[in-house]
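The values are calculated or read from the model by the stated rules, or taken from the named source; none is laboratory data. Since the model is a prediction, treat every value here as computed from it, not as a measurement. Reconstructed Cβ throughout: ideal geometry from the backbone, glycine too, with neighbour counts over all protein chains shown. Heads up: the accessible areas ignore ligands, DNA and RNA and are worked out on the full protein's heavy atoms, side chains in. Shrake-Rupley method; radii C 1.70, N 1.55, O 1.52, S 1.80 Å.
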Amino acid sequence: EPEVTQTPSHQVTQMGQEVILRCVPISNHLYFYWYRQILGQKVEFLVSFYNNEISEKSEIFDDQFSVERPDGSNFTLKIRSTKLEDSAMYFCASSERRQPWGGYTFGSGTRLTVV
Amino acid sequence: TQLLKQSPQFLSIQEGENLTVYCNSSSVFSSLQWYRQEPGEGPVLLVTVVTGGEVKKLKRLTFQFGDARKDSSLHITAAQPGDTGLYLCAGGSTDSWGKLQFGAGTQVVVTP
């Protein structure tokens, strides 16, 4: 069964450093998303991406965050200057259909720890 | 912000028993999705319901979308230890198509 692949599975970084989280969505999917989940809290929407541009972003997704689809397969989330409160599980997801009519396929996540 | 409240927060039952998990909101959603999440993993889609009053069955799992599209329920018949997990509901709206609003989840534990 097709899956969304995320790397790395776990990343530890120092506060103020830049991190890039990588995702390979399902190949025939056109819509891409990043969500995050702080330990013990709800899954929160960060950003949606379609046709090489951001469709929607949340209040969390400030100027420190950016997304990119550098080639035909990868979808990345960059945090320019990490803060302690950025520590969370980051999930990439993709969907074949425009939401909310279908469902997402989520990756297994990247656990980001900022120290 | 549309909020989804799930109840109960935690449910522990014996194998073979039935259980129901609820997802409620004061807002109308265009669709309601149910996911199951294991520790350290991403949510896995179980079902999407889009029509008020819709009922969908997935083996021993029955999902219902309320007539007013503000609430949903997940019923598991004859629960098995493999049903243990965190069940999440998530609502979507055509006003904000790229964004799902997640509930906090119901942790279900089924003991043999």
Listed by range, strands (runs of 3 or more DSSP E) wholly within segment A:43-107 having at least 3 residues that are touching a residue at least 24 places away in the same chain (Cβ under 8 Å) and surrounded by fewer than 16 Cβ atoms within 10 Å (Cβ to Cβ) are none
Reported set for segment B:8-25 where residues are in a strand (DSSP E or B) and open to solvent by 20 Å² or more (accessible area, probe 1.4 Å) is B:10, B:11, B:12, B:14, B:20, B:22, B:24
When every residue in segment B:60-109 that is open to solvent by 50 Å² or more (accessible area, probe 1.4 Å) and part of a strand (DSSP E or B) is compared, the one farthest from the other protein chains (Cβ to nearest Cβ) is B:75
query: Is there a residue in segment A:6-28 that is open to solvent by 30 Å² or more (accessible area, probe 1.4 Å), within 11 Å of chain B (Cβ to nearest Cβ) and part of a loop (DSSP other than H, G, I, E, B)?
result: yes
If we ask which residues in segment B:26-58 are assigned to a loop (DSSP other than H, G, I, E, B), surrounded by fewer than 19 Cβ atoms within 10 Å (Cβ to Cβ) and either touching a residue at least 12 places away in the same chain (Cβ under 8 Å) or within 12 Å of chain A (Cβ to nearest Cβ) (or both), their number turns out to be 12
| query | Does residue A:40 qualify as being farther than 19 Å from residue A:105 by Cα and free of Cβ contacts under 8 Å to residues at least 12 places away in the same chain? | reply | yes
